[in-house]
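The values are calculated or read from the model by the stated rules, or taken from the named source; none is laboratory data. A quick note: this is a predicted structure, and the numbers were derived from the prediction, not measured. As a convention, Cβ positions derive from the backbone with ideal geometry for all residues, glycine included, and neighbour counts pool all protein chains shown.
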Amino acid sequence: MALFTPGRRWQPPFYPFKKEKFGKRLLRKIERWVKGPLFGCRMCGNCLLQETAFICPMECPKGMRNGPCGGSTPEKCYVDETRPCIWYRIYKRAHKMGREEMLMEVLPPLDWDRVGTETWGDVIRSIKKYGTIKLVRSRFTRDKVQKEIAWESVFKPVRQPGWWQGDSLYHPPAYDEPVSELERQLRTGKFVVTTEVSPPLSTATGKLKRDIEMVKDHVTAINFTDSSSANPRMSSIACSKVAAELNADPVFQIAARDKTRTGLQSEIVGVNEMGIRNVLCITGDNARIGPSPTSNTNILDMDAVQMLWILRRIRDEGKYLDGREMKHPPKLFLGAAASPFASEPEYQALREHKKVNAGAQFFQTNMIFETDRLNVWLEHLYKRDILDKVYILAGVTPIRSHRMAQYLHSTVPGIRLPEKILSEFEKTDKSDQEKLGIDIALGIIESLKSIKEINGIHIMAVGWESVVPGIIADSGLET
Ligand code: SF4
């Protein structure tokens, strides 16, 4: 284990794709010899140590560079249970060192052209540009602001290349009229209901269409998951197109797990042509929890925060990531997943704040089974002053059986069921378990309706779509 990074390196160091001059090669070797034992450096060539409390974030199996995923717990990473979640360590140390707010800056994805190369050369050039003597002097001044300015002048250009320019600020959407029915209804202050329809396993769309027709008049929008739990199915884009053709308002989900930045940008320009406006950006479950043979478990090309940042800029500035401009940018209502119970609510709120700054306009949360704990999370969002910048749709799932309850509790990342619900299912006869699940869901909806910060619910029936209209009617949320 590296001296300052309390975690094992996930994969071996990167090697550069190109042959470099002797000086650069030598510098790379020295950097690796020094940063390897100290930080477990993987030589990503895009160093962020300054921002991550001097713990290398590339120890994360997903290569998350903007905070933990929704499946992490303080004890272990869900991709590799033998290691801790490195982002917990980063948060804890940042908190201790008073560097917590530095975690708010939206950090760029890797520039793969730099992967395997050194970063010290950039730092040296940046110091020279700023003035070596000026920097040394700034270290001895008592003026904290001057010290900070000098430090930032050197390191910001290194971690925020010209093609990215991330920051820690909120960027309100640069348009006035709502772009989708979901956005329109949320703006009116209505308590909205969205739901999910499971994408089919084959090319047959009969059931998909019937399910959409069955729920569309009861909800404001319908989500289509993007190969949830890393299980391939019909794509979210195809299902969203079918829904748009049936006059429903689709929420197109994109999992970073299966995307590159090129694919993301071209797809997003394309979906607008299909009448799709709501886009939910998620990092996605790791391939490790998917079926065998396991797909690529290498680090991701980008995370959900970076996806939001890229899409917000495409929409508001009409610019691709590479700077090319487009005359007619897509209209998008951008959403993100939120996991109120995945980790410490305080840490989770920091990540949620970052997503809002990056571009998230609405959250759909993970399944909620305890509203008391949800309130703790909301309290932290309130402290971060973001509740008026994002709509929150709380996730509700009717549990069908004791088996499903146990599966959700022990297998699905970021979900924990309270003991009370687990034991109720255990005590209930099999034939009555469906009714119990619906009653529990109705009780949760009732509690959620009374929380003023919650703007609606998102019903995830996981293949049990037939109960959705009944739940909506019984909860008094019929449109
Ligand atoms: S962020 Fe990249 S360059 Fe910095 S220590 Fe980690 S792997 Fe090395």
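Just checking: which of the helices (runs of 4 or more DSSP H) contained wholly in the stretch 343-461 hold 1 or more residues that are within 23 Å of residue 106 (Cα to Cα)?
In the stretch 343-461, 345-358, 371-383 are the helices (runs of 4 or more DSSP H) which contain 1 or more residues that are within 23 Å of residue 106 (Cα to Cα).
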Please go through the stretch 271-290 and pick out each residue that is more than 17 Å from residue 69 (Cβ to Cβ) and modelled with pLDDT under 90.
-> 272, 273
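Would you check if residue 226 is in the same structural domain as residue 317 (by TED's automatic domain parsing), in contact (Cβ under 8 Å) with a residue 60 or more places away in the chain and acidic (Asp, Glu)?
On the way: in the same structural domain as residue 317 (by TED's automatic domain parsing): yes; in contact (Cβ under 8 Å) with a residue 60 or more places away in the chain: no; acidic (Asp, Glu): yes.
Here the answer is no, as residue 226 does not meet what is asked.
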Taking the stretch 71-100 only, how many residues are at pLDDT below 90 and within 13 Å of the ligand (Cβ to nearest atom)?
-> 0
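Yes/no per residue for (1) surrounded by 22 or more Cβ atoms within 10 Å (Cβ to Cβ); (2) over 11 Å from the mean Cα position of the chain (by Cα):
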{"site": "293", "(1), (2)": "no, yes"}
{"site": "305", "(1), (2)": "yes, no"}
{"site": "313", "(1), (2)": "no, yes"}
{"site": "332", "(1), (2)": "yes, yes"}
{"site": "349", "(1), (2)": "yes, yes"}
{"site": "354", "(1), (2)": "yes, no"}
{"site": "369", "(1), (2)": "yes, yes"}
Output the residues belonging to the stretch 35-55 that are near the ligand (Cβ under 6 Å from one of its atoms), crowded, with 22+ Cβ neighbours inside 10 Å and closer than 16 Å to residue 3 by Cβ.
-> 35, 41, 42
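Restricted to the stretch 94-114, and to residues that are basic (Lys, Arg) and farther than 23 Å from residue 43 by Cα, which residue is surrounded by the most Cβ atoms within 10 Å (Cβ to Cβ)? Step through it out loud before you land on a result.
Keep residues of the stretch 94-114 that are basic (Lys, Arg), which gives 96, 99, 114.
Checking which are farther than 23 Å from residue 43 by Cα leaves us with 96, 99.
Details: 96: 10, 99: 16.
Among those residues, the one meeting the criterion is 99.
Can residue 200 be described as over 25 Å from residue 310 (Cβ atoms) and either over 19 Å from the mean Cα position of the chain (by Cα) or not charged (D, E, K, R) (or both)?
Working: over 25 Å from residue 310 (Cβ atoms): yes; either over 19 Å from the mean Cα position of the chain (by Cα) or not charged (D, E, K, R) (or both): yes.
Considered against the rule, which asks whether it is over 25 Å from residue 310 (Cβ atoms) and either over 19 Å from the mean Cα position of the chain (by Cα) or not charged (D, E, K, R) (or both), residue 200 comes out as yes.
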Leading residue by the ranking (nearest to the ligand (Cβ to nearest atom)) among those in the stretch 3-34 that are among the aromatic types (Phe, Trp, Tyr) and within 18 Å of residue 121 (Cβ to Cβ) = 14
Those residues of the stretch 56-70 which are among the small types (Gly, Ala, Ser) and within 12 Å of the ligand (Cβ to nearest atom) amount to 63
Those residues that are among the charged types (D, E, K, R) and without any contact (Cβ under 8 Å) to a residue 60 or more places away in the chain, I need them from the stretch 191-222; list them, please.
-> 207, 209, 210, 213, 216
